[in-house]
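*Asks:* What follows is a structure written as structure tokens; I'll ask about it next.
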Amino acid sequence: MRSVMSAPVLGRRALNRALLERQMLLRRAALPAETAIERLVGMQAQNPFDPYTALWSRLEDFHADELSALIEGRRVVRATSMMRTTIHLMTADDWLALRPVLQVVSERGFTTGSPFGRQLQGIDIDEVVRVGRALLDEKPRTVAALRTLLHERWPDRDPGSLAYAVRYLVPLVQIPPRALWGKGGLPVLATPETWLGRSVGTDTAPDEMILRYLAAFGPASVMDIQAWCWLTRLGLVVDRLRPRLRTFRDERGRELFDVADGALPDPDTVAPVRFLPTFDNILLSHKDRGRVLGDQDEWSVGPNQFDDAFRGGSVLVDGFVRAGWRVEREKGAGGRATLVVIPVVALTRPDETAVTDEAERLLAFLAADAADRDVRLEPWIGRS
């Protein structure tokens, strides 16, 4: 076996450009939305409309109605408790295949990673799951309805914790009108049998999932893979896959793994400005996030300003996060919409122009119904 230290070194810019290329952020891809979602191995989606922005930034001529039609047509689903126990938008086929692989993450998240497991100490969790699943097999139900019905069975237990036990431990999706473009709706939970007419798979081996992660996010370390999915002890699995993988190391000597045909663009490839939603997976899927966040010591944003600066999401300039953004809307139908960009590092004049141009295009997509639209680039707070 070749020594780790003899493997080729990939610097931060090389890793950044590889990630952008695989994430369709170096150039917009001419792909159907369903294919893009599959290539990305799902999209984090606590905010129901984040995936619309994420796909707009990645695909040529993306229209929101395309994704809404996929959700209504049951081609893609909003799956609860997936990677990192969060809601993910996934193709139906991917969800059915990957949910059993991540079941252990859901179980650990409920038992030790949430207050709900602690509040149900001493109860027969298997019985809660059985009853909850039976209720959802009857018909899809809101979380509030599920909470009420479970509390009738266990009146001395916290109703929210009972409902969350089912939400964590049973494979479930949130169904429309939740997440349809321009519409609202409470989260309504459904089992795969009632919504898709199919059941989740039975294969719990993570091998293929890891290969797909590397194709979308690599090259990456074992710790990066674990940060993405929250599975643990994946070193043994990666060793098993090693004959199918290329190996590199980063500038700190850490071993990185990659699929054989993973794209590695020139580190000097020009990266266009891109707007990302709050919970885009590109920001959350590595233990070492420097490949996309850059050197955060250079950022100038106060701790009390951070959440406000990134309320809508982040802005990539030269491939790295250099600003946050949000949309402000006046009340009333057709009211004025303003996209506010908040730099966290000093931007050059050409960068400011590129950011403003892309912001105008994004705002036309997000606020097509606005009577008036404007972009406001805030001054960098580090300027004297």
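*Asks:* Which one, LEU245, PRO192, GLY235, projects farthest toward the positive side of the charge dipole computed for segment 168-253 from Cβ point charges (K/R +1, D/E -1)?
*Replies:* LEU245
*Asks:* Place a +1 charge on the Cβ of each Lys and Arg in segment 126-263 and a -1 charge on the Cβ of each Asp and Glu, then give the dipole magnitude about the Cα centre in debye, rounded to the nearest 20.
*Replies:* Computed charge dipole of segment 126-263: roughly 240 debye.
*Asks:* Using a Förster radius of 30 Å, what is the FRET efficiency between ARG349 and GLU328 based on their Cβ-Cβ separation? Nearest 0.05, please.
*Replies:* Values: r = 25 Å, r/R0 = 0.82.
Working from the Cβ atoms, E equals 0.75.
*Asks:* What is the Cα coordinate range of segment 75-227 on the first, second and third principal axes, sorted by size from largest, in whole angstrom?
*Replies:* That works out to 50, 38, 28 Å along the principal axes.
*Asks:* Report, as a whole number in µm² per second, the diffusion coefficient that Stokes-Einstein gives for the chain at 20 °C and 1.002 mPa s using the Kirkwood radius over alpha carbon pairs.
*Replies:* In µm²/s, the coefficient rounds to 96.
*Asks:* How much of the accessible area of segment 25-79, in percent, comes from carbon and sulfur atoms when a 1.4 Å probe is used?
*Replies:* That fraction is 45 percent.
*Asks:* At 1.4 Å probe radius, can you tell me the per residue accessible area of the chain in Å²?
*Replies:* Heavy-atom accessible area per residue stands at 44 Å².
*Asks:* Same structure again: What is the gain in length, in nm to one decimal, between GLU193 and THR111 on full extension, counting 0.36 nm per residue of separation less the C-alpha to C-alpha distance?
*Replies:* So the extension gain works out to 27.0 nm.
*Asks:* Magnitude of the Cβ-charge dipole of the chain, K/R +1 and D/E -1, about the Cα centre, nearest 20 debye?
*Replies:* Dipole of the chain, to the nearest 20 debye: 540 debye.
*Asks:* Mind giving me the FRET efficiency for GLU127 and VAL9? R0 is 35 Å, r the Cβ-Cβ distance, nearest 0.05 is fine. Before the final figure, lay out each step's value.
*Replies:* Numbers: r = 54 Å, r/R0 = 1.56.
Working from the Cβ atoms, E equals 0.05.
*Asks:* In deg cm²/dmol and to the nearest 500, what is the mean residue ellipticity at 222 nm of the chain if only DSSP H runs of at least 4 residues count, each as -39500 (n - 2.57), divided by the residue total?
*Replies:* Numbers: 17 runs with 148 residues, N = 384.
Result for the chain: -10500 deg cm²/dmol, rounded to the nearest 500.
*Asks:* Please name whichever of ALA364, GLY382, GLY335 sits farthest to the positive end of the charge dipole of segment 333-384, dipole taken about the Cα centre and charges placed at Cβ: Lys and Arg +1, Asp and Glu -1.
*Replies:* Checked the options; the winner is GLY382.
*Asks:* Next question. Give a quick list of GluC sites (Glu not before Pro) in segment 225-307 that DSSP marks as loop, anything other than H, G, I, E or B, with at most 13 other Cβ atoms within 10 Å.
*Replies:* Here the sparse-neighbourhood loop sites are GLU251.
*Asks:* Now for a separate question. Could you list log10 I(q)/I(0) for segment 225-332 at q = 0.17, 0.18, 0.19 Å⁻¹, which the Debye formula gives when each Cα is one point scatterer?
*Replies:* So the normalised log intensities work out to -1.01, -1.08, -1.16.
*Asks:* What do the square roots of 5 times the Cα gyration tensor eigenvalues come to for segment 331-384, in whole Å, largest first, as semi-axes of the equivalent ellipsoid?
*Replies:* Working: eigenvalues 125, 30, 8 Å².
Semi-axis lengths for segment 331-384 are 25, 12, 7 Å.
*Asks:* Given the Cα-Cα distance of LEU293 and GLU208 and 0.36 nm per residue of separation, how much length would full extension add, in nm?
*Replies:* 27.8 nm
*Asks:* For segment 322-384, which trypsin sites (Lys or Arg not before Pro) pass both filters: DSSP loop (anything but H, G, I, E, B) and at most 10 other C-beta atoms within 10 Å?
*Replies:* LYS331, ARG383
*Asks:* Report the full-extension gain for the segment ALA29 to ASP137: residue separation times 0.36 nm, less the Cα-Cα distance, to one decimal in nm.
*Replies:* Computed gain between ALA29 and ASP137 is 35.0 nm.
*Asks:* Next up: Dipole of segment 221-380 (Lys/Arg Cβ +1, Asp/Glu Cβ -1, origin at the Cα centre): which of LEU276, ILE225, ALA323 lies farthest to the positive side?
*Replies:* Ranked along the dipole, the leading option is ILE225.
*Asks:* So if I take the centroid of the Cα atoms in segment 11-41 and the same for segment 189-238, what is the distance between those two points in Å?
*Replies:* Value for the Cα centre distance between the two parts: 18 Å.
*Asks:* Using 1/(1 + (r/R0)^6) with R0 = 30 angstrom and r between the beta carbons of GLN46 and ALA144, what's the FRET efficiency to the nearest 0.05?
*Replies:* Computed FRET efficiency for GLN46 and ALA144 comes out at 0.95.
*Asks:* Shifting gears a bit: What aspartates and glutamates sit close enough to LYS139 to cross-link, taking a C-alpha to C-alpha distance under 12 Å and skipping anything fewer than 8 places away on the same chain?
*Replies:* Partners found: GLU193.
*Asks:* Could you check which residue among TYR52, TYR213, TYR164 shows the biggest mean-square fluctuation in a GNM of the chain with a 10 Å Cα cutoff?
*Replies:* Fluctuation is largest for TYR164.
*Asks:* A further question follows. Dipole of segment 216-296, Cα-centred, from +1 at each Lys and Arg C-beta and -1 at each Asp and Glu C-beta, to the nearest 20 debye?
*Replies:* With only Lys, Arg, Asp and Glu charged at Cβ, the dipole is about 360 debye.
The values are calculated or read from the model by the stated rules, or taken from the named source; none is laboratory data. This is a predicted model, so every value here is computed, not measured. Every residue, glycine among them, receives a Cβ derived from its backbone with ideal geometry; neighbour counts consider all protein chains shown. With ligands, DNA and RNA removed, areas are computed over all heavy atoms of the protein, side chains included. Shrake-Rupley method; radii C 1.70, N 1.55, O 1.52, S 1.80 Å.
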